[in-house]
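Colleague: Below you'll find the structure I mean.
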Amino acid sequence: MNILMTTSEAVPYAKTGGLADVVSALSLALAKQGHDVRLIIPRYYGINKAVLKLKPLKGPMGIPMGGGEEWCEVYTGNLPGGPSKNPIKVYFLDHERFFGRDGIYGVPSEPDFLDNPRRFTFFSRGVFQLCRKIDWYPDILHAHDWPTALVPVFLKYGERRNEFAKTVSILTIHNLGYQGIYGRDNFYATGLGWDTFYSAGFEDWNMMNMLKAGINSADMVNTVSPNYAEETKTSAYGFRLDGILKSRGTDYRGILNGIDADIWNPKKDTFIPAVYSTKDMSGKAKAKELLQKEFGLPPSPDTPIIGFISRLTNQKGVGELFGPAYGSAYMICRDMNLQFVVLGTGDAWCENEIRSLESKLSNFKGKIGYSDKLSHLIEAGSDFFLMPSRYEPCGLSQMYSLVYGTIPIVRNTGGLTDTVENYNQDTGTGTGFMFDDLTPEAIYNTVGWAIWAYYNRRPQIEAMRLKGMKKDFSWDKSAGEYLKLYEEAGKKVRG
């Protein structure tokens, strides 16, 4: 198949979250199975053309917009790690006014750029113009999240003729909490008629909802885990789109993300002091020793370490964990014989509270920011990994933890439910510790349960480590599920 991934993020070029990892990893997995996979992404200010040795396509490209036309340059490169004989081409749309700035969706002083609907309308329109420019037409147009949700809309309401008559659209929802809702006056930039505003489902309480229109227009829709797909069809997790998702019937489903086993693999991880496997776990002990040293904790091989790596936002349960005067982190560290390390960045109040907890607790250490090296070290050196998410479409960290022999402590939601098996202290079965209600008490009690098992059921803990490390979360299976989705959508469109 000819597959074009349309995305606002992709590693190693631009990343704010898991979307970037998933798009690139899925593209690599599909390409290795022989498909012609290509990516298109904006050329943000932070994507250095000279460093990446990007090559320009000949001549500028015009992109029709409501009220006129915008012009841009197009640069090309290859996605690292792809097949040498058939490299994955990446196309970068270079428009200085829209993308020549810091930030992907916003900056601290303006978290959500006011012109985001126009920026990503331009980008989505540019997808079709690029195909014409390079004379390459995809069988599958795969859009990801709200920034490219207009791609299925443009295909259905204008482009599905001539060159794109047999092209199929797929929309993957990575996080339903972000929908691209803006003032309806931004709709003029699409160049579509106002009849389409209503027929495509843009209307949302007198606003314009880009993701909603994409869900209505795509040939098939999926999200990133089976359990999250079911959750999003309820009012509790549907963010007001549960009715529309239910109406899609079997055209909406969940496909669990994989992880990049070449990068996240304790058998060959270059970020940790020594590799290890189920046959020889000595490298994990060395990682724990280095982790304690890196965070300024007393060396203690027998003291359990809880790791936490996250964006410090409401979705991740940071209020219940770190909230001043009511969060459970302080009591966990005060009452239990453990060490706690944190790596993350996000809401200012939470960053400040982490610094405050450091000053009060000798066994709590945090680093504000993000580091690939430290992330790998925390996954390898910790005994437990905490994810008290309010909702979690898929989650990658719990899968990283399992393959590194680090036992997850997670809320029973979304992809966490699909990947973690709750511990049974009578039989010793399970791969992690789970709780249902997101409260400080539930987090405290479940962490306490895990620490109790560490000191009193150590053989069971070691058996859980080994069971988790044998899990296969590679992209091969997930890529196969996407291929089935593509084929079903193709039959639906082409008969």
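The values are calculated or read from the model by the stated rules, or taken from the named source; none is laboratory data. Bear in mind that the values here come from a model prediction, so they are computed numbers and not experimental data. A quick note on method: Cβ atoms are made from the backbone with ideal geometry, for glycine too, and the neighbour counts reach across all protein chains shown. These area figures cover heavy atoms from the full protein model, side chains too; ligands, DNA and RNA do not enter into them. Shrake-Rupley method; radii C 1.70, N 1.55, O 1.52, S 1.80 Å.
Colleague: Quickly run through the range 100-133 and pick out the residues that are farther than 19 Å from Tyr157 by Cβ, modelled with pLDDT of 95 or more and of a type in the set (Lys, Arg).
Modeller: Selection gives Arg119, Lys133.
Colleague: Can you pull out every residue in the range 55-78 that is open to solvent by 70 Å² or more (accessible area, probe 1.4 Å) and aromatic (Phe, Trp, Tyr)?
Modeller: Trp71
Colleague: So, Ile173, is that one under 24 Å from Val22 (Cβ atoms) and open to solvent by 10 Å² or more (accessible area, probe 1.4 Å) or not?
Modeller: On the way: under 24 Å from Val22 (Cβ atoms): yes; open to solvent by 10 Å² or more (accessible area, probe 1.4 Å): no.
So Ile173 fails the test.
Colleague: Here is a follow-up. Can you tell me how many residues in the range 316-336 are in contact with an Asp or Glu (Cβ under 8 Å, 6 or more places away or on another chain) and buried (at least 16 other Cβ atoms within 10 Å of the Cβ)?
Modeller: Residues in the range 316-336 being in contact with an Asp or Glu (Cβ under 8 Å, 6 or more places away or on another chain) and buried (at least 16 other Cβ atoms within 10 Å of the Cβ): 5 in total.
Colleague: A follow-up question, please. Of everything in the range 470-493, what is open to solvent by 10 Å² or more (accessible area, probe 1.4 Å) and more than 21 Å from Ser225 (Cα to Cα)? Give them in sequence order.
Modeller: Matches in the range 470-493: Lys491, Lys492, Val493.
Colleague: If you don't mind, another one. If you go through the range 79-114, how many residues are surrounded by 15 or more Cβ atoms within 10 Å (Cβ to Cβ) and either in a strand (DSSP E or B) or among the acidic types (Asp, Glu) (or both)?
Modeller: 6
Colleague: Please work out if Ala442 is out of contact with any Leu (no Cβ under 9 Å at 6 or more places or on another chain) and either at pLDDT 95 or above or not in a loop (DSSP other than H, G, I, E, B) (or both).
Modeller: When the stated conditions are applied, Ala442 passes them.
Colleague: Would you call Arg160 among the basic types (Lys, Arg) and free of Cβ contacts under 8 Å to residues at least 12 places away in the same chain?
Modeller: Criteria met by Arg160.
Colleague: So which residues in the range 456-469 are in contact with a helix residue (DSSP H, G or I) (Cβ under 9 Å, 6 or more places away or on another chain) and either over 12 Å from Gly428 (Cα atoms) or open to solvent by less than 70 Å² (accessible area, probe 1.4 Å) (or both)?
Modeller: If the condition is that a residue be in contact with a helix residue (DSSP H, G or I) (Cβ under 9 Å, 6 or more places away or on another chain) and either over 12 Å from Gly428 (Cα atoms) or open to solvent by less than 70 Å² (accessible area, probe 1.4 Å) (or both), then Gln460, Ile461, Met464, Arg465, Gly468, Met469 are the ones that fit.
Colleague: For the range 24-54, what are the residues that are surrounded by 23 or more Cβ atoms within 10 Å (Cβ to Cβ) and either among the hydroxyl-bearing types (Ser, Thr, Tyr) or touching an Asp or Glu at 6+ places or on another chain (Cβ under 7 Å) (or both)?
Modeller: Ser24, Ala25, Ser27, Arg43
Colleague: Scan Ser300, Ser282, Ser235, Ser247 and give me the residue that is open to solvent by 10 Å² or more (accessible area, probe 1.4 Å), within 19 Å of Leu402 (Cα to Cα) and polar (S, T, N, Q). Break it down into steps so the answer makes sense when it comes.
Modeller: Numbers: Ser300 fails: within 19 Å of Leu402 (Cα to Cα); Ser235 fails: within 19 Å of Leu402 (Cα to Cα); Ser247 fails: within 19 Å of Leu402 (Cα to Cα).
Checking each option against the conditions leaves just Ser282.
Colleague: Separate question: Name the residue that is farthest from the chain's Cα centre (by Cα), counting only residues in the range 197-217 that are small (Gly, Ala, Ser) and closer than 14 Å to Pro147 by Cα.
Modeller: Only one residue tops the list, namely Ala213.
Colleague: Follow-up question, since we're still on this one. From Tyr198, Tyr188, Tyr228, grab the single residue that is part of a helix (DSSP H, G or I), open to solvent by less than 30 Å² (accessible area, probe 1.4 Å) and modelled with pLDDT of 95 or more.
Modeller: Exactly one of Tyr198, Tyr188, Tyr228 is part of a helix (DSSP H, G or I), open to solvent by less than 30 Å² (accessible area, probe 1.4 Å) and modelled with pLDDT of 95 or more, namely Tyr228.
Colleague: Moving on to the next point. Go through Ile309, Ile259, Ile263 for me and flag whichever is without any contact (Cβ under 8 Å) to a residue 12 or more places away in the chain, within 19 Å of the chain's Cα centre (by Cα) and crowded, with 16+ Cβ neighbours inside 10 Å.
Modeller: After applying the criteria, what remains is Ile263.
Colleague: Take Arg240 and decide whether it is open to solvent by 40 Å² or more (accessible area, probe 1.4 Å), under 18 Å from Ser478 (Cα atoms), out of contact with any Gly (no Cβ under 8 Å at 6 or more places or on another chain) and modelled with pLDDT of 95 or more.
Modeller: On the way: open to solvent by 40 Å² or more (accessible area, probe 1.4 Å): yes; under 18 Å from Ser478 (Cα atoms): no; out of contact with any Gly (no Cβ under 8 Å at 6 or more places or on another chain): yes; modelled with pLDDT of 95 or more: yes.
For Arg240, the condition - open to solvent by 40 Å² or more (accessible area, probe 1.4 Å), under 18 Å from Ser478 (Cα atoms), out of contact with any Gly (no Cβ under 8 Å at 6 or more places or on another chain) and modelled with pLDDT of 95 or more - is not met.
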